[in-house]
Amino acid sequence: MENITKKYEAAVNCAAEISQVILDMEGGRFVLSMFSELLMNLLGEGNLAGAMTVLQKLCEVSEVPFFELELEEDDPAVWTTLFADALIDVIEESIFF
């Protein structure tokens, strides 16, 4: 259970860090919205490899370390969906600030 908690924190923290970097850019809210929608669309189509590639590129562009998933024991779709949901939450919160 502790391992799951750490992975959850890593996914949410990674999403928060990326969001802050991108939101600080001009037009960042739009870019972040597009990436979030892209992630959700890829996951909805069952294209986990594409979603993971987008996630890795987001980390690379924002210079945030990519959180590694132990794919043998975890469902990477769950963690990628969690990450996308966290991005959406940050976007929604940033609208009010």
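The values are calculated or read from the model by the stated rules, or taken from the named source; none is laboratory data. None of the values given here were measured: they were computed from a predicted structure. Counting neighbours? That spans all protein chains shown, and the Cβs are built from the backbone with ideal geometry, glycine included. For accessibility, only protein heavy atoms count, side chains too; no ligands or nucleic acids. Shrake-Rupley method; radii C 1.70, N 1.55, O 1.52, S 1.80 Å.
Structure summary
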read-out	value
Residue, most open to solvent (accessible area, probe 1.4 Å), within region 15-26, restricted to residues that are farther than 12 Å from TRP79 by Cα and of a type in the set (A, V, I, L, M)	MET25
Selection status of ILE22, outside any loop (DSSP other than H, G, I, E, B), at pLDDT 80 or above and hydrophobic (A, V, I, L, M, F, W, C)	yes
Qualifying residue in region 21-38 (condition: in contact (Cβ under 8 Å) with a residue 24 or more places away in the chain and within 14 Å of PHE66 (Cα to Cα))	no
One residue from LEU39, LEU32 being under 13 Å from LEU82 (Cβ atoms) and either part of a helix (DSSP H, G or I) or of a type in the set (S, T, N, Q) (or both)	LEU39
From the options VAL12, VAL78, residue that is open to solvent by 80 Å² or more (accessible area, probe 1.4 Å), of a type in the set (A, V, I, L, M, F, W, C), assigned to a helix (DSSP H, G or I) and at pLDDT below 80	VAL78
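Per-residue answers, yes or no, for (1) open to solvent by less than 20 Å² (accessible area, probe 1.4 Å); (2) modelled with pLDDT under 80:
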{"position": "ASN41", "(1), (2)": "no, no"}
{"position": "GLY46", "(1), (2)": "no, no"}
{"position": "ALA51", "(1), (2)": "yes, no"}
{"position": "ILE95", "(1), (2)": "no, yes"}
